[in-house]
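S.K.: Structure below; questions to follow.
Here, each number is a calculation from the coordinates, and none is a lab measurement. Given the structure is predicted, the values throughout are model-derived calculations rather than measurements. FYI the Cβ positions are ideal-geometry reconstructions off the backbone, even for glycines, and counts take in every protein chain you see.
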Amino acid sequence: MNKFDGRARSDALVVFGATGDLAYKKIYPALYALARRGLLEMPVIGVSGSDWSDAQLRQRASDSIAASGAVEDKPALKRLLARLHYVSGDYNKPDTFDKLKTALAGSERPAHYLAIPPSLFEIVIQGLGAAGLARQARVIVEKPFGRDLASARRLNAVARQVFAEDAIFRIDHFLAKEAIMNLLYFRFANSFLEPIWNRNYVDSVQITLSEEFGTEGRGGFYESAGCLRDVIQNHLFQIAALLAMEPPSTRDFGAVHNETAEVLRAMRPLGADDVVRGQYSGYRKEPGVARDSDVETYCAIKLHIDSWRWNGVPWYLRSGKCLANSAAEVIVKLKAPPQQLFADAVAGGGNYLRFRLQPAPAVALAARVKRDGKEFVGDQHELYLVEEHPNGETPYERLLGDAMDGNGALFTREDAVEAAWATVNPVLDKHHPALPYRRGSWGPKEADALIAEHGPWHNPRLDDGAGKAVKAAPEAAAKAASKPAPKAAPKQAAQAGPKRSK
Ligand code: BG6
């Protein structure tokens, strides 16, 4: 391992998987946004298996940027394209890394971004190490980081042989979403929450990530992942950790990482009966999907956090493709008042705090208010706070910029990743079969039984608090309208980046 200066900004960016879907949908638009802000004055080298030229890569980047929205700063785009270079090669061959080394001549502190399928992470990390390209370098690794506890440990060990921990940046792009950063802020910038934020007042917590669309050409990837690995073990667990953590002792993000890792460690390993798996109708007919596939496109879990604060409070997490709408929402449901003075207060639902994370982030507090008249009956109303993020950076723009600055605040740490895998590990192979559900529904009805004691499920509401439908944030709207990335070249398939439904 090499001596590494954790503070110096990277002076070149290498994108492995440059011809892939993730690069097309997310990375080039993020690079353009960085270039516009003057934060990418460095060579950008794309690497992939396809036999491309610099000009082809530039065309691909330019198409991707145009597809993501209006190009308002043509000089910035021109500067970015001029800095783009391409290296083609097989990741298994040392020769590829030699070519990269030549292309990187003059750079002392490159950042290597692995936008490639997880099965290639090890080989690329080792290739970088063997070619001497890890010296003073950073590595940015896409999720999923491993596919179970053992592979995550192995991957961490390989990465740590080549890079220092503070040179490894494990991406969970949810951590760079404004509404998710607000969970940390909202919890600890306000004093009214802390007294009730525990087992004495909280009845249960629900976290839902629903998606209207299906696997969108990612059937092959989904077959090796499934919903639990794809979004629950990482995105939803990170949200749970921010909601459940103890107050960090300082603003230092090392302290935040310590506390989130503690929560992940306190999560009780799941058993088969804590999980309901579903599969939308028609999934088995999609390309790359086995005709008898048992892979879940929907997953609901009942989770326990074995800590002083959360003892006895169930956490219900669910996500699925082809559900009734696209949203991410948290409901923290409070217990009913201790004495039932008003019968309707229990029947009509009690207090909760709702965090809508996407689209159109908002925080709402539900409380009951008496209705006009002689009777002591009331209705549930929401105090509704809208979050405004008009100029928000996209998660990838934020994460790539931070990684190149050596700022690991929004990345996941080795121990946290492994603790998350330890929670899901027992049910990765031992589980009940995936149950069919209708497209456009809220998943298999068996998930209702999972939450029966604390239910029902709150399906995300997409209104502005006054009943008017909210609009998706620009990024979400672009995603809803977006089609899969056009095929770059037939030959790239084996080394294309992991596909994303963006
Ligand atoms: C990705 C998953 O990590 O997150 C996708 O692989 C999922 O399956 C996506 O659709 C959701 O993220 P976002 O930011 O698009 O809501």
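S.K.: So how strong a dipole does the stretch 298-405 carry about its Cα centre when Lys and Arg Cβ are +1 and Asp and Glu Cβ are -1, to the nearest 20 debye?
M.R.: Approximately 620 debye in magnitude.
S.K.: As an exercise, find the ratio Rg/Rh for the chain from alpha-carbon atoms, using the Kirkwood inverse-distance average for Rh.
M.R.: Value, to two decimals: 0.98.
S.K.: Quick check: Cα centre of the stretch 153-178 to Cα centre of the stretch 385-460, how many Å?
M.R.: One Cα centre to the other: 18 Å.
S.K.: So for the stretch 85-208, considering every pair of alpha-carbon atoms, how many percent are separated by more than 20 Å?
M.R.: In whole percent, the share of Cα-Cα pairs in the stretch 85-208 beyond 20 Å is 56.
S.K.: Work out the charge dipole of the chain with +1 on the Cβ of Lys and Arg and -1 on the Cβ of Asp and Glu about the Cα centre, then indicate which of L193, G214, P43 is farthest towards its positive end.
M.R.: Comparing the listed Cα positions along the dipole, P43 ranks first.
S.K.: Based on the Kirkwood radius over alpha-carbon pairs, what is the Stokes-Einstein translational diffusion coefficient of the stretch 313-453 at 20 °C with 1.002 mPa s viscosity, in µm²/s?
M.R.: Numbers: Rh = 19.6 Å.
D, rounded to a whole number, is 109 µm²/s.
S.K.: Give the Kirkwood hydrodynamic radius (Å, one decimal) of the stretch 50-91, defined as one over the mean of 1/r across all pairs of different Cα atoms.
M.R.: Computed over Cα pairs of the stretch 50-91, the Kirkwood hydrodynamic radius comes out at 11.1 Å.
S.K.: Taking all pairs of different Cα atoms in the stretch 240-340, averaging 1/r and flipping that mean, what Kirkwood radius in angstroms comes out?
M.R.: Result for the stretch 240-340, one decimal place: 16.6 Å.
S.K.: Expressed as a whole percent, how much of the Cα-Cα distance distribution for the stretch 166-235 exceeds 16 Å?
M.R.: Working: 1663 of 2415 pairs.
Of the Cα pairs, 69 percent sit more than 16 Å apart.
S.K.: Using the beta-carbon distance between F376 and D463 and R0 = 30 Å, what value does 1/(1 + (r/R0)^6) give for FRET efficiency, to the nearest 0.05?
M.R.: 0.60
S.K.: Next up: Given the rule -39500 (n - 2.57) for each run of at least 4 DSSP H residues, summed and divided by the residues of the chain, what is its mean residue ellipticity at 222 nm, to the nearest 500 deg cm²/dmol?
M.R.: Only helices count here, giving -9000 deg cm²/dmol.
S.K.: If you consider only alpha-carbon coordinates, what radius of gyration and Dmax does the stretch 1-150 have, in Å?
M.R.: Both quantities, over Cα of the stretch 1-150: 15.0, 47 Å.
S.K.: Regarding the stretch 195-260, what are the three Cα extents along the principal axes, ordered largest first, in Å?
M.R.: 46, 30, 17
S.K.: Quickly rank 305-318, 168-181 as a protection proxy: mean count of other C-beta atoms within 10 Å, highest first.
M.R.: Ranked by mean Cβ neighbours within 10 Å, highest first: 168-181, 305-318.
S.K.: Projected onto the charge dipole of the stretch 129-189 (+1 at Lys/Arg Cβ, -1 at Asp/Glu Cβ, origin at the Cα centre), which of I140, L183, A152 gives the Cα projection farthest towards the positive end?
M.R.: Going by the charge dipole, the pick is A152.
S.K.: Next question, about the same structure. At a 10 angstrom cut-off on C-beta neighbours, averaged per residue, how do the peptides 457-469, 220-232, 185-197, 99-111 rank from highest to lowest? Walk me through the intermediate numbers first.
M.R.: Working: 457-469: 14.3, 220-232: 21.7, 185-197: 12.3, 99-111: 17.2.
Order by mean packing, descending: 220-232, 99-111, 457-469, 185-197.
S.K.: Could you check the simple spin-label distance between I123 and R268, using points 7 Å along Cα→Cβ, in nm with one decimal?
M.R.: So the two model labels end up 4.2 nm from each other.
S.K.: Can you pull out the trypsin sites (Lys or Arg not before Pro) in the stretch 330-412 whose DSSP state is coil and whose Cβ has at most 16 other Cβ atoms within 10 Å?
M.R.: K335, R371, K374
S.K.: If you don't mind, there's one more thing I want to ask. Could you size up the charge dipole of the stretch 158-275 around its Cα centre, putting +1 on the beta carbon of Lys and Arg and -1 on that of Asp and Glu, and report it in debye to the nearest 20?
M.R.: So the magnitude is around 220 debye.
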